[in-house]
Amino acid sequence: MGEPILLVGGFRALLMQGLHPRAMRGVLQNSALMDPDEAWARFRRTSEFVRVRTYGTLAEVERAGRRVRRIHATLSAVDPDTGERYHLDEPDALRWVHLGEVDSYLSVARRAGLPITDADADRFVAEWRRAAEVVGLAPESVPGSVAQLRASIEAERPRLRLVPEATHPLLQSLNAPLPARLAPFRPALPALTLLAFASLPRWARRLYGLPASPLGDLWATATLRTLQTGIHLVPSRFLPARAAT
């Protein structure tokens with residue numbers, strides 16, 4: 001989780017989340033995503049939660065978890081397909097967000113060439129059951145191995161689609177709004193977003209209306225490996241300090 005390349009995994013996870021209609025609508029109806037200050041503030045809050053959940057003490061993780069569970073229980077959205085109002089803590093949506101996050105980090109890490117054995121991958125998926133518990137899911141309700149993760153994602157596929165109201169915000173992500181002080185980083189965002197799209201499974205790219213060929217898979221894997229190699233050629237003093245594991 002301390003590898004900079006997993007920033008791509010974080011973007012990929014958001015794209016996976018976007019294919020769950022109720023999860024995506026919950027975000028859209030409760031966030032001013034196109035407002036630069038609000039979008040950046042939300043990104044910072046999410047990044048801080050991931051950092052604390054990964055590296056924090058048990059007390060810090062529990063505090064962060066209580067805050068997230070309280071927010072999810074308070075906020076609601078309306079499903080325009082049914083007219084039903086639902087809270088953001090409904091288990092099906094939370095479970096899909098969990099699946100997409102675990103799959104994205106693991107897939108990007110392995111395709112980037114990090115030395116992860118099959119046993120390591122199974123242990124990673126099993127350890128993320130603790131992360132599911134933090135947001136209010138029962139640990140046994142989420143996968144504990146790579147095989148279970150793949151089966152769970154496959155079982156969800158019939159319910160996934162891109163809702164019409166998500167199209168504009170996702171297209172805007174190619175030119176994501178940033179605060180003025182971060183404007184120098186804006187040129188890199190389209191490339192990062194395109195790589196995240198390219199690293200999605202082919203079925204997910206099809207749902208987004210994007211090309212989904214084996215050639216795209218090869219390009220994404222080659223690019224991830226090249227970036228990973230390049231990152232490790234950069235002197236460590238120029239990279240963010242990695243948290244101790």
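The values are calculated or read from the model by the stated rules, or taken from the named source; none is laboratory data. Bear in mind that the values here come from a model prediction, so they are computed numbers and not experimental data. Ideal geometry is used to build each Cβ from the backbone, glycine not excepted, and the neighbour counts take in all protein chains shown. Just so you know, the surface numbers come from the protein's heavy atoms only, side chains and all, with ligands and any DNA or RNA stripped out. Shrake-Rupley method; radii C 1.70, N 1.55, O 1.52, S 1.80 Å.
Just one of the listed residues (LEU94, LEU137, LEU114) is part of a helix (DSSP H, G or I) and open to solvent by less than 40 Å² (accessible area, probe 1.4 Å), namely LEU94.
Yes or no, residue by residue, for (1) closer than 22 Å to LEU218 by Cα; (2) open to solvent by 20 Å² or more (accessible area, probe 1.4 Å); (3) out of contact with any strand residue (DSSP E or B) (no Cβ under 7 Å at 6 or more places or on another chain); (4) part of a helix (DSSP H, G or I):
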{"position": "MET1", "(1), (2), (3), (4)": "no, yes, yes, no"}
{"position": "VAL8", "(1), (2), (3), (4)": "yes, no, yes, yes"}
{"position": "ARG51", "(1), (2), (3), (4)": "no, yes, yes, yes"}
{"position": "ALA64", "(1), (2), (3), (4)": "no, yes, yes, yes"}
{"position": "ARG69", "(1), (2), (3), (4)": "no, yes, yes, yes"}
{"position": "VAL78", "(1), (2), (3), (4)": "no, yes, no, no"}
{"position": "ASP89", "(1), (2), (3), (4)": "no, yes, yes, no"}
{"position": "ARG110", "(1), (2), (3), (4)": "yes, yes, yes, yes"}
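Restricting attention to the range 158-170, does a residue exist that is farther than 21 Å from ASP81 by Cβ and either modelled with pLDDT of 95 or more or more than 17 Å from the chain's Cα centre (by Cα) (or both)? Within the range 158-170, not a single residue is farther than 21 Å from ASP81 by Cβ and either modelled with pLDDT of 95 or more or more than 17 Å from the chain's Cα centre (by Cα) (or both). Taken over the range 140-156, residues that are exposed (fewer than 13 other Cβ atoms within 10 Å of the Cβ) and under 18 Å from the mean Cα position of the chain (by Cα) amount to 1.
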